[in-house]
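Taking it in order: structure first as structure tokens, then the write-up.
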Amino acid sequence: MKLSAKNRKKFRIRNKLKRVSKVDRFRLSINRSSKNISAQIIDDINNVTIVSATSNEKLIKSEKKKKSELSMVVAEKIAEKAKEKNINKIYFDRGVYKYHGRIKIFAETLRKKGFEF
């Protein structure tokens, strides 16, 4: 089965993260569409999603905000949920997206909230 260039890039980035990942860190996977953004913290050892947040939630969606502001809101929400679970060290899996724009805003907001990656 031949993979598209997008899928090859995604697997290349994800596999590199998994190779260097340690037991004490979880992977934060991010997904964005043309209007929304979502993120989840994943335990790759047990294959379980620990925490997730999205801009499709009713409370967030009711506020009319720009896409870049949605990135900050979702990052704050996932940081809040992760602090409850005592998670502060993660690996940032940006997927096929460049570290630019909304992805960069998301990552910088997480760093301000005390995450290490």
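Spacing of the modelled spin labels on Asn36 and Lys112, each 7 Å from Cα toward Cβ, amounts to 2.5 nm.
Qualifying trypsin sites (Lys or Arg not before Pro) in segment 1-88, where qualification requires a DSSP coil assignment and no more than 10 other C-beta atoms within 10 Å, comprise Lys2, Lys22, Lys35, Lys64, Lys66.
Ignoring the sites themselves, the chain has its longest run without GluC sites (Glu not before Pro) in a DSSP loop having at most 16 other Cβ atoms within 10 Å at 1-56. Against the compact-protein benchmark of 2.2 N^0.38 Å, the Cα-based radius of gyration of the chain scales to 1.06. Calculated mean residue ellipticity at 222 nm for the chain: -13500 deg cm²/dmol, from DSSP H runs with n ≥ 4 weighted as -39500 (n - 2.57), summed, divided by the residue count and rounded to 500. When only Cα pairs below 8 angstrom with a gap of at least 6 residues are kept, the chain shows a relative contact order of 28 percent. Modelled label positions at Tyr99 and Glu69, each set 7 Å beyond Cα in the direction of Cβ, lie 2.8 nm from each other.
Each value in this text was obtained by applying a stated rule to the coordinates, not by laboratory testing. Quick caveat, the model's predicted, so the values are computed rather than measured. For neighbour counting, all protein chains shown are included, and Cβ atoms are generated from backbone atoms with ideal geometry for every residue, glycine included.
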